[in-house]
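**Q** Starting off with a structure, shown below.
Each reported figure results from applying straightforward, stated rules to the coordinates on display, with no laboratory input. Everything numeric in this text was worked out from a predicted model, so none of it was measured. Every residue, glycine as well, gets a Cβ built from its backbone with ideal geometry; the counts of neighbours run over all protein chains shown.
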Amino acid sequence: MEEQSTKPGMSTKAVILFGFVVVVIVSSSVVSYMNSKAEKEKKDLNAQIATLQSQVASLQTATASPSASASATADETAGWKSDAENVVSVFTENFLASVPGEGSDGVNGTKANVALGKLTAEAQATVKKNSPSSISGGLALFCGIQDTPDRGTSISSSTKSSDGTVTVISKWTYSGGGAVTKTFTLVTENEEWKISKVK
């Protein structure tokens, strides 16, 4: 029998070469797969971004063009709650200070005119019509009171209606322990809150 000679280094080199070729092929397949997956995810994300940008643009357009209305609404006046409550407080303070016998500056004094200025033009006309000789008397009729709340006043709540009016509830307290709730309705007139009625 004949002996075959084998070269031990050849088979090791062949195995290493074969392993290297397999690693290169597998690596390039993995890289190719990852690239295609990343491209697909990128396209999906870009489509989502485009959709979101479109939605943002339509929302900006909607908020930039408010609906038209005949008069200003409460939303057009920043801080509607504090502004409306301030109008009621200034009105009440000046009206009560203008009542004769309450340390007033006279029946048609400055404080009565300040209170009158917090009313709508229509309400001012009503006050003047009801008591032409006394603004403070006309304001008392407008508010529906005969006596002043000698224990003070306080605002209980404020709400805004869908029609743009604001309702401010105020508690007027009297020394006999009684209290009366007054409901002020405010509207915007010439871009300012004005009292249109008191119940």
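**Q** Can you tell me how much longer the chain between V56 and E192 gets when fully stretched, taken as 0.36 nm per residue apart minus their C-alpha distance, in nm with one decimal?
**A** Contour length minus the Cα-Cα distance gives 45.8 nm.
**Q** As a quick test, which of the pairs K118/K199; K81/K129; K81/K194; K81/K111 have an alpha carbon distance above 20 angstrom in this structure?
**A** Going by Cα-Cα distance, K81/K129; K81/K111 fall outside the 20 Å limit.
**Q** Sticking with this structure for a sec: With label points built 7 Å along Cα→Cβ from the Cα atoms of S161 and S89, find their separation and express it in nm.
**A** 2.5
**Q** Once the Cβ-Cβ distance between D44 and I169 is put in as r, and R0 is 45 Å, what FRET efficiency do you end up with, to the nearest 0.05?
**A** Working: r = 54 Å, r/R0 = 1.21.
It comes to 0.25.
**Q** Give me the one-decimal nm value for the distance between modelled label points at L17 and A121, 7 Å along each residue's Cα-to-Cβ direction.
**A** In this crude label model, L17 to A121 measures out at 10.3 nm.
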